[in-house]
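I have placed the structure first, in the form of structure tokens, so that the comments after it can refer back to it.
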Amino acid sequence: MKKPKSPTISIITVVYNDVQNIERTIRSIQNQLYTDIQYILIDGGSTDGTVDVIKKYDDFISFWKSEPDRGIYDAMNKGLGAATGDYVWFINSGDEIYDTDTLKNLSDRFELHINIYYGEAMYIDHQMNEIGLRSKVTPHELPDRLRWQQMNRGMVVCHQSFIVKRTIAPQYDLRYPHSGDIDWIIRCLKKSERVINTGMVLSKYLIGGHSKKFHVRSLIDRYRVLQHHFGIVPNFVNHLIITLRAMTFSWGKKT
């Protein structure tokens, strides 16, 4: 019996002026034991040496460009536009695939009728120390069966641990320049019939990224996104619960 073709994974990295982290991210892709990868790198017109690092890996990178953009989600849209693989996976500058055999281990489960694969993320600091699993160090527990309705109180899955079939992946909505990822994940889930929890740690996520740098704007954007998907009154009530949960979680960590 003929073995089904292994799916191609389009891994997309967006970066802007991050020379201290970009090589580590590139190497985490390059070192994967699974080789059916299309690697796409979108740079926002860096001036700090990032492009020089990218050029070192020109033979490995399937497609890259460096030009000004309208923000992180505009860059991600460029990456989606260049993707031709069966699935798309965003591993942005500073983040990594969790281990060299992550994709290889996951490949045993790949079936092209599955729309989304998701898993855990390991938080790391700028010294590359592991802080802990996202579901343990934040108030967000990773659901066993992920549905879009579970996003009503925030991001229950890490963007960097969310692998989507390319044919259902929409463009990011640029009306949400600071929380477009939660809107994108909800829209992906709304279009998905088969979503699989891998039970694996898929990525390392560097804390202090875009949403931290623009924290207040991100919260405002998130409110607008969730209101769009869940309605005015339910969203107001859910955000009261989010606020109480965050206060309780912070208090619990201090004690």
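The values are calculated or read from the model by the stated rules, or taken from the named source; none is laboratory data. Predicted, not measured: the structure shown is a model, and the values here were computed from it. Positions of Cβ are backbone-derived with ideal geometry, glycine not excepted, and every protein chain shown enters the neighbour counts.
What is the residue count in the stretch 150-171 for residues that are under 23 Å from Thr243 (Cα atoms), touching a residue at least 40 places away in the same chain (Cβ under 8 Å) and in a helix (DSSP H, G or I)?
Final tally of qualifying residues: 4.
Kindly indicate whether Tyr34 is touching a residue at least 24 places away in the same chain (Cβ under 8 Å), part of a helix (DSSP H, G or I) and not aliphatic (A, V, I, L, M).
Spelling it out, it is not the case that Tyr34 is touching a residue at least 24 places away in the same chain (Cβ under 8 Å), part of a helix (DSSP H, G or I) and not aliphatic (A, V, I, L, M).
Residues to consider are Leu189, Leu174, Leu219; find the one that is part of a helix (DSSP H, G or I), of a type in the set (A, V, I, L, M, F, W, C) and either at pLDDT below 95 or surrounded by fewer than 16 Cβ atoms within 10 Å (Cβ to Cβ) (or both).
Unique residue meeting the criteria: Leu219.
Return the total of residues in the stretch 156-171 being crowded, with 18+ Cβ neighbours inside 10 Å and either out of contact with any Phe, Trp or Tyr (no Cβ under 9 Å at 6 or more places or on another chain) or within 21 Å of His239 (Cα to Cα) (or both).
So the answer is 4.
Please give the number of the condition Lys65 fails out of (1) surrounded by 14 or more Cβ atoms within 10 Å (Cβ to Cβ); (2) in a loop (DSSP other than H, G, I, E, B); (3) more than 18 Å from the chain's Cα centre (by Cα).
It fails just one condition, (2).
A quick yes/no check of all residues on (1) charged (D, E, K, R); (2) more than 24 Å from Ile185 (Cα to Cα); (3) modelled with pLDDT of 95 or more; (4) part of a helix (DSSP H, G or I):
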site: Lys5; (1), (2), (3), (4): yes, yes, no, no
site: Glu23; (1), (2), (3), (4): yes, yes, yes, yes
site: Arg27; (1), (2), (3), (4): yes, yes, yes, yes
site: Ile40; (1), (2), (3), (4): no, no, yes, no
site: Ile61; (1), (2), (3), (4): no, yes, yes, no
site: Asn92; (1), (2), (3), (4): no, no, yes, no
site: Phe110; (1), (2), (3), (4): no, no, no, no
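Out of Met122, Met76, report the one residue that is within 13 Å of the chain's Cα centre (by Cα), buried (at least 18 other Cβ atoms within 10 Å of the Cβ) and not in a helix (DSSP H, G or I).
Result of the check over Met122, Met76: Met122.
Among the acidic types (Asp, Glu), free of Cβ contacts under 8 Å to residues at least 60 places away in the same chain and surrounded by fewer than 15 Cβ atoms within 10 Å (Cβ to Cβ): is that true of Asp108 in this structure?
Answer is yes for this residue.
Just to be sure before I move on: is Ile11 under 17 Å from Arg166 (Cβ atoms), modelled with pLDDT of 95 or more and either in contact with a helix residue (DSSP H, G or I) (Cβ under 8 Å, 6 or more places away or on another chain) or surrounded by fewer than 17 Cβ atoms within 10 Å (Cβ to Cβ) (or both) in the structure I sent?
Answer is yes for this residue.
Can you find a residue in the stretch 49-59 that is surrounded by 14 or more Cβ atoms within 10 Å (Cβ to Cβ) and in contact with a Lys or Arg (Cβ under 7 Å, 6 or more places away or on another chain)?
So far as the stretch 49-59 goes, no, none of its residues is surrounded by 14 or more Cβ atoms within 10 Å (Cβ to Cβ) and in contact with a Lys or Arg (Cβ under 7 Å, 6 or more places away or on another chain).
Anything in the stretch 160-174 that is more than 12 Å from Gly119 (Cβ to Cβ) and of a type outside the set (D, E, K, R)? List them, or say none.
Val164, Thr167, Ile168, Ala169, Pro170, Gln171, Tyr172, Leu174
If I ask for residues that are of a type in the set (Phe, Trp, Tyr) and closer than 15 Å to Gly199 by Cβ, which ones from the stretch 106-137 would you list?
Phe110, Tyr117, Tyr118 - these are the residues of the stretch 106-137 that are of a type in the set (Phe, Trp, Tyr) and closer than 15 Å to Gly199 by Cβ.
Looking only at the stretch 23-58, count every residue that is more than 18 Å from Asp69 (Cα to Cα) and under 20 Å from the mean Cα position of the chain (by Cα) and tell me the total.
So the answer is 15.
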